Amino acid sequence: MPIDPVCGMEASESNEITAQFEGTTYYFCSTDCRDFFDEHPKRFVDQPHPHLSEASGVTVPRLYYGRAGGEFDLSIADPESLSVGDRVEFRKTLTDDDVRKFAEATGDTNALHLNDSFAEKTRFGGRIAHGTLVSGLISAALACLPGLSIYLSQNLEFEGPVHIGETLTTVCEVNDDLDGDRYQLTTRIENGDGERVLDGTATVLVDPLPA
């Protein structure tokens, strides 16, 4: 089974999502990944971990995974290690497809998230995203930091609902350098109006990326 050179996922030889580069045919799991490849084919062919992202002069473990979406900005003082004040912002719009796939993956088929007529009669006046789906954007943000961030703990306070189609901004900032490559971060998520919908702190262990 060929491997998609962009996201590292398996790609079927039977599909028609391919590209030619220097006499070799490459197969992709989606047209989005093929489009990424077409922009910088040499990078995805020549680098040891071509599917990983680059930001602020460092490689981070976020895949160029075409179907996932989301954008991030990284602000760090030293590319070699995290320090207090380093931060990442991650932005993503939560779509109806995101909510339904999350329900399928977790089995959480609460009608509040999936049925319009039911949700309209609740205090929210319509469907909202699962709270755990929203908080999952913190994990997405952590994957944009240098090194391999491993979740150790997280506390959360949900401060407001997130309706389908809202664009959210997740901000994670290092506020304490703990022992043993462990860091504490403040974590918050805001909606498009700048209103905080989630607040909390996380502790992560940061390993070097595999060579």
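Can you send over the carbon and sulfur percentage of the accessible area for the stretch 96-211, probe radius 1.4 Å, protein chains only? Walk me through the numbers before you get to the answer.
Numbers: 2740 of 5950 Å².
Within the stretch 96-211, the accessible surface is 46 percent carbon and sulfur.
Using a basic spin-label model with each label point 7 Å from the Cα along Cα→Cβ, how many nm lie between Asp97 and Phe118?
That separation, rounded to one decimal, is 2.4 nm.
Any idea what diffusion coefficient the stretch 30-122 gets from Stokes-Einstein, in µm²/s, Kirkwood Rh on alpha carbon pairs, 37 °C, 0.692 mPa s?
198
If you place +1 on the Cβ of every Lys and Arg and -1 on the Cβ of every Asp and Glu, how big does the dipole about the Cα centre of the chain come out, in debye to the nearest 20?
440
Near the amide H of Cys7, under 5 Å away, which other amide H atoms are found, from residues 5 or more places off or on another chain, if H is placed in the peptide plane?
Close amide H contacts, sequence-distant or interchain: none at all.
Counting every Cα pair in the stretch 133-178, what percent are over 12 Å apart?
When all Cα pairs of the stretch 133-178 are counted, 72 percent exceed 12 Å.
At 1.4 Å probe radius, can you tell me the per residue accessible area of the chain in Å²?
On a per-residue basis, 53 Å².
Per the Debye formula with a single identical scatterer at each Cα and no solvent contribution, what log10 I(q)/I(0) holds for the stretch 130-210 at q = 0.21 Å⁻¹?
-0.91
Viscosity 0.692 mPa s, temperature 37 °C: give me the Stokes-Einstein translational D for the chain in µm²/s, with Rh taken as the Kirkwood radius over C-alpha pairs. All intermediate terms of the calculation are to be shown ahead of the outcome.
Working: Rh = 18.9 Å.
Answer from the Stokes-Einstein relation: 174 µm²/s.
Just Ser14, Ser53, Ser75 to compare: in a GNM of the chain, with alpha carbon springs under 10 Å, which one fluctuates most?
Ser14
Sum -39500 (n - 2.57) across every DSSP H segment of at least 4 residues in the chain, then divide by the residue count to get the 222 nm mean residue ellipticity, nearest 500.
Here the helix-only value at 222 nm equals -5500 deg cm²/dmol.
The values are calculated or read from the model by the stated rules, or taken from the named source; none is laboratory data. Just so we're clear, the structure is a prediction, and the values are computed from it rather than from any experiment. Backbone-built Cβ (ideal geometry, glycine too); neighbour counts: all protein chains shown. The accessibility values were calculated without ligands, DNA or RNA, using every heavy atom of the protein model including side chains. Shrake-Rupley method; radii C 1.70, N 1.55, O 1.52, S 1.80 Å.
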